[in-house]
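Down below is the structure, laid out as structure tokens.
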2 protein chains.
Amino acid sequence: MADYTKVTLDESEIPTQWYNIIPDLPTPPPPPLHPGTREPIGPEDLAPLFPMELIKQEVSQESYIDIPGEVLDVYRLWRPSPLYRARRLEKLLDTPAKIFYKYEGVSPAGSHKPNTSVPQAFYNAQEGTKKLTTETGAGQWGSALAFACAQFGLECEVWQVRASYDQKPDRKTMMEVWGATVHPSPSEVTEAGRQILALDPDSPGSLGIAISEAVMRAAPDPDAKYALGSVLNHVLLHQTVIGEEALLQMAKVDETPDLLVGCTGGGSNFGGLSFPFLREKLAGKMDPTIRCVEPAACPSLTKGEYRYDFGDTIGMTPLVKMHTLGHGFIPDPIHAGGLRYHGMSPLVSHIYELGLVEAEAIHQTECFEGAVTFTKTEGILPAPEPTHAIAAMIREANRCKETGEEKTILTALCGHGHFDLRSYEVYLDGSMVDYEYPEEKVAAAMQDVPVVA
Amino acid sequence: MADYTKVTLDESEIPTQWYNIIPDLPTPPPPPLHPGTREPIGPEDLAPLFPMELIKQEVSQESYIDIPGEVLDVYRLWRPSPLYRARRLEKLLDTPAKIFYKYEGVSPAGSHKPNTSVPQAFYNAQEGTKKLTTETGAGQWGSALAFACAQFGLECEVWQVRASYDQKPDRKTMMEVWGATVHPSPSEVTEAGRQILALDPDSPGSLGIAISEAVMRAAPDPDAKYALGSVLNHVLLHQTVIGEEALLQMAKVDETPDLLVGCTGGGSNFGGLSFPFLREKLAGKMDPTIRCVEPAACPSLTKGEYRYDFGDTIGMTPLVKMHTLGHGFIPDPIHAGGLRYHGMSPLVSHIYELGLVEAEAIHQTECFEGAVTFTKTEGILPAPEPTHAIAAMIREANRCKETGEEKTILTALCGHGHFDLRSYEVYLDGSMVDYEYPEEKVAAAMQDVPVVA
């Protein structure tokens with residue numbers, strides 16, 4: 001069809017393997033280190049937190065890993081996800097650029113997160129885990145894990161960042177409908193939470209703190225494990241179903257992207273869309289520019305240092321080499337709660353250092369301006385996180401208008417904003433503020449980052 | 001595939017015609033009457049409110065009406081919608097019944113409503129309308145019209161029932177993102193609203209009042225028209241895309257429904273799914289039982305009288321013959337705001353009188369109990385309205401467990417509940433109440449229903 005707006009795939013075209021980019025990279029990413037010994041960690045260090053299959057995937061050198069049939073059965077509830085061409089937006093912007101977006105908001109939890117929560121719950125159930133613990137910022141990941149645990153009969157206990165817990169009671173209720181128990185973080189139920197509350201009883205929380213609490217709850221309990229919604233290799237691996245489908249869909253309409261844009265918080269949405277395209281780029285089959293977009297108030301890639309740091313705030317996790325603003329850094333309360341993380345996926349960080357992808361940072365008012373334009377033209381109301389990708393895509397479309405370039409842009413629209421309308425209200429009533437990059441707060445946090453030889 | 005969970009259609013299988021059931025009925029539905037003359041109304045009576053193409057569709061004797069290409073282009077954003085088999089729910093219920101559900105929550109507004117808001121906005125834009133006014137209860141219809149108006153460049157002004165306006169600010173913001181202006185109803189901006197507020201300054205509002213306000217705003221303005229989200233023939237006509245797709249999808253998996261269940265407020269979701277199946281039944285090609293499900297607190301079909309009444313509370317609309325609890329009846333504040341309507345679609349009422357469909361009424365706690373079970377097993381969290389269909393479907397599946405019957409049940413899941421989590425919270429914390437049928441309030445309201453010879 002010439003005038004397509006949506007590119008669909010048949011159910012039989014859901015990918016049956018996840019793609020692991022590590023073997024295809026010119027150099028492997030640096031290993032995680034034990035926080036005590038500073039030696040590379042082994043599987044036994046991760047065993048209290050993760051089932052063995054996920055630990056294997058975390059360090060796998062295989063390029064492709066089969067997706068279990070039980071996982072595909074659940075994926076089928078919403079996959080293949082649609083790819084759209086944003087013709088109405090193109091027309092409004094009067095741009096020669098062709099704008100495509102891959103939409104993951106069709107999942108039951110409303111984002112790309114179930115692509116990994118489902119296999120994580122599955123492998124845990126298979127290995128006898130009874131309960132999964134986790135953190136959630138905007139609530140997307142907590143919802144996704146609650147949904148997945150319900151599918152495989154696991155208990156689910158979630159620490160929701162306090163600011164989000166208070167502002168988004170609907171996300172909490174949604175998790176509860178799927179059967180999860182939800183705590184605000186910092187909470188009184190873990191030592192990590194009590195430590196933070198002792199210092200600041202009104203702490204709005206952060207992803208780093210919530211991670212500490214969830215890890216602390218799971219580690220000593222033989223029946224419980226921990227699940228992480230981003231950052232780690234196996235999480236990015238699971239998300240590659242997005243990019244594999246998008247490759248097929250772009251091919252169906254004879255298009256090759258000149259530019260891919262995705263928002264980055266922990267990196268899983270970005271990696272999920274871009275890694276299969278990066279494979280093609282490394283193989284010389286296409287040559288897209290691949291761009292991360294992050295919040296100007298929490299710019300780990302564009303302003304952070306690339307060095308070993310903790311993944312959580314308290315310093316319980318392994319040391320991972322990544323772009324970091326310091327594990328003690330608590331970002332300003334921007335509306336994109338899912339991007340309020342002090343670090344970046346070690347794999348995305350490594351690939352950025354290799355010069356294979358680029359990054360830019362954008363303020364939230366520009367993001368919401370773009371999102372409102374997008375919603376009016378394309379109909380779908382985005383979550384605050386992907387508004388960053390939309391703003392970057394609009395910047396590029398406007399550049400194309402100036403230069404006359406007919407670039408093909410592919411954007412990751414990783415979730416809907418049905419639980420984020422309060423942030424749109426703030427934008428529409430003119431009271432949204434932009435937070436400048438907090439240079440001094442970051443410098444202070446960087447003081448506490450361990451020095452690793 | 002033997003173990004299908006989702007039945008998809010190709011984009012080329014989106015219906016290209018709407019189905020009009022009226023010519024296939026043994027007798028035609030009684031005509032609407034002018035409220036003054038009590039004579040059947042003509043097109044000129046409706047012209048201040050609706051564009052001519054919709055008036056033609058309202059009284060059409062054609063069995064099929066072509067869907068314009070511009071409408072199909074927008075439908076394609078979310079259509080064809082998926083049909084699922086609820087295998088996980090069947091397993092939990094341990095029922096021999098096969099449960100299918102057609103899911104309309106994939107639309108940008110989150111329900112089946114855009115199936116009619118899009119053509120309504122299109123025909124209005126084509127005939128020069130600048131602004132559409134409407135009412136909304138739960139917010140689904142207002143969102144759908146705001147979305148559609150944004151697609152065709154129309155202004156949109158919505159009266160949202162006060163109780164919903166206060167409880168669901170997110171729905172209001174969503175409409176505003178699409179560019180609509182939203183008033184609480186009763187409002188101070190119309191004479192109808194001021195009349196109600198004079199009697200009861202704390203009025204929670206009702207769909208009937210909000211209709212009066214929206215009609216009063218549009219009628220005298222040559223640039224404005226009014227759009228209704230249910231009840232009328234042309235609205236049910238547009239919704240038949242649901243049933244036409246479902247017929248194809250059931251055929252793809254070699255299934256014929258023994259029972260169809262859909263919730264009824266104004267009747268458009270129910271009519272949309274069931275009319276194409278009723279066509280097949282009338283033609284002797286299948287013989288499903290077709291069942292309406294309504295709230296026990298607002299049971300227009302099972303308790304209302306079949307007689308001429310006004311569609312709105314103030315009495316501005318034509319008189320239509322329908323099952324009514326009295327146009328002055330204000331239903332108790334059940335959570336399914338979209339089902340809080342004193343009447344029923346005249347077409348569904350007529351078909352019910354003909355004995356072609358049956359009806360039952362269910363209390364809301366049973367509905368939410370079913371919805372939580374459904375969400376845990378199937379993943380999708382339903383809006384409060386279709387929880388009625390889910391509860392009825394679970395009743396039937398449990399009956400099948402007792403009798404051993406392997407019935408095939410098809411359920412209309414007309415929208416998601418992302419903006420209705422507050423009602424789930426009330427259910428989960430045990431504070432949800434059931435309202436008994438308000439016999440005296442209805443008897444009082446019926447006193448004011450005009451007597452038509």
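The values are calculated or read from the model by the stated rules, or taken from the named source; none is laboratory data. Everything numeric here is computed off the predicted structure, so don't read it as measured data. Cβ sites come from the backbone with ideal geometry, for glycine too, and all protein chains shown count toward neighbours. Heavy atoms of the whole protein, side chains included, go into the accessibility calculation; ligands, DNA and RNA do not. Shrake-Rupley method; radii C 1.70, N 1.55, O 1.52, S 1.80 Å.
List of remarks:
- Per residue, the convex hull spanned by the Cα atoms of region B:25-89 amounts to 204 cubic angstrom.
- Only Cα pairs under 8 Å and 6+ residues apart enter the sum, and on that basis the relative contact order of chain B stands at 19 percent.
- Summarising the amide proton neighbourhood of A:T408: residues at separation of 5 or more, or on other chains, whose placed amide H is nearer than 5 Å comprise A:K98, A:D258, A:L259.
- Summary value for region A:290-418: 24 percent relative contact order, contacts being C-alpha pairs under 8 angstrom separated by 6+ residues.
- Rolling a 1.4 Å probe over the protein heavy atoms of chain B, with every protein chain left in place, gives an accessible area that is 50 percent carbon and sulfur.
- Evaluated over region B:44-124, the Cα radius of gyration and Dmax, each in Å: 17.9, 56
- Scaled radius of gyration (Cα, divided by 2.2 N^0.38 Å) that region B:1-137 gives: 1.37
- Relative to the dominant Cα principal axis of chain B, helix B:364-378 is inclined by about 50°.
- The charge dipole of the protein assembly as shown, taken about the Cα centre with unit charges on the Cβ atoms of Lys, Arg (+1) and Asp, Glu (-1), comes to about 560 debye, rounded to the nearest 20.
- Across the alpha-carbon atoms of chain A, the computed radius of gyration and Dmax are 20.3, 62 angstrom.
- Signed unit charges on C-beta, dipole axis of the protein assembly as shown, positive-most listed residue A:Y103, B:L9, B:I290: B:L9
- Rounded to 10°, Cα long-axis angle of helix A:268-282 versus longest principal axis of chain A: 60
- Region B:145-208: relative contact order as a whole-number percent, Cα under 8 Å and 6+ apart: 34
- Along each principal axis, Cα extent of the protein assembly as shown, largest first, Å: 95, 65, 52
- Database remark: amide H of B:W159 closer than 5 angstrom to the amide H of B:T134, B:E135, B:T136, B:H183 (H placed geometrically; neighbours at sequence offset of 5 or more, or on other chains; Pro and chain starts carry no H).
- Heavy-atom accessible surface of A:H335, to the nearest 10 Å², is about 50 Å², with a 1.4 Å probe and all protein chains retained.
- Cα-based convex hull, region B:144-185, per residue volume (Å³, whole number): 49
- Look at the dipole of region A:165-208 built from charges on Cβ: of A:A198, A:P186, A:Q167, the Cα furthest out on the positive end belongs to A:Q167.
- Prolate/oblate/rounded label for region A:242-387 (Cα gyration tensor, a/c 1.5): oblate
- Prolate/oblate/rounded call for region A:388-446, Cα gyration tensor, a/c under 1.5 rounded: oblate
- FRET efficiency, B:Y435 to B:E405 (Cβ-Cβ, R0 35 Å, nearest 0.05): 0.60
- Rolling a 1.4 Å probe across all protein chains gives B:F419 an accessible area of roughly 10 Å².
- Solution diffusion estimate, µm²/s, Stokes-Einstein, region A:120-200, Kirkwood Rh from C-alpha pairs, 37 °C, viscosity 0.692 mPa s: 256
- Taken over the alpha carbons of region B:75-171 as equal point scatterers, the Debye sum produces base-10 log I(q)/I(0) values at 0.14, 0.17 Å⁻¹ of -0.63, -0.79.
- Count Lys and Arg as plus one, Asp and Glu as minus one, and take only other residues whose Cβ is under 11 Å from that of A:V235; the net charge is then 0.
- Dipole of the protein assembly as shown, positive end: most advanced residue of B:P257, B:G142, B:I41 [Cβ charges, Cα centre]: B:P257
- Dipole moment magnitude, nearest 20 debye, chain B about Cα centre, only Lys, Arg, Asp, Glu C-beta charged: 500
- Cα gyration tensor shape of region B:354-453, rounded if a/c is under 1.5, else prolate or oblate by comparing a/b with b/c: oblate
- The C-alpha atoms of chain B define a longest principal axis, and helix B:207-218 lies at about 50 degrees to it.
- Interface A:B - total buried accessible surface [probe 1.4 Å, Å², rounded to 100]: 3800
- Subtracting the Cα-Cα distance of B:S12 and B:A219 from 0.36 nm times their residue separation leaves 70.6 nm of extension gain.
- Residues of region B:165-214 that lose at least 30 Å² of accessible area (1.4 Å probe, protein heavy atoms only) when the other protein chains are present, relative to their chain alone, are B:D170, B:T173, B:M174, B:V177, B:W178.
- Note on region B:340-395: Cα Rg divided by 2.2 N^0.38 Å, N the number of residues, gives 1.32.
- Simple Cβ-charge dipole of region B:94-185, Lys/Arg +1 and Asp/Glu -1, about Cα centre, in debye nearest 20: 100
- In the context of the full protein assembly, B:R399 retains an accessible surface of approximately 100 Å², using a probe radius of 1.4 Å and ignoring ligands and nucleic acids.
- Average accessible surface area per residue within the protein assembly as shown, 1.4 Å rolling probe, Å²: 33
- Taking 7 Å steps out from each Cα toward its Cβ at A:E127 and A:K91 produces label points 5.2 nm apart.
- Relative intensity, log₁₀ I(q)/I(0), of region B:99-256 from a Debye sum that treats every alpha carbon as a point, q = 0.18 Å⁻¹: -1.02
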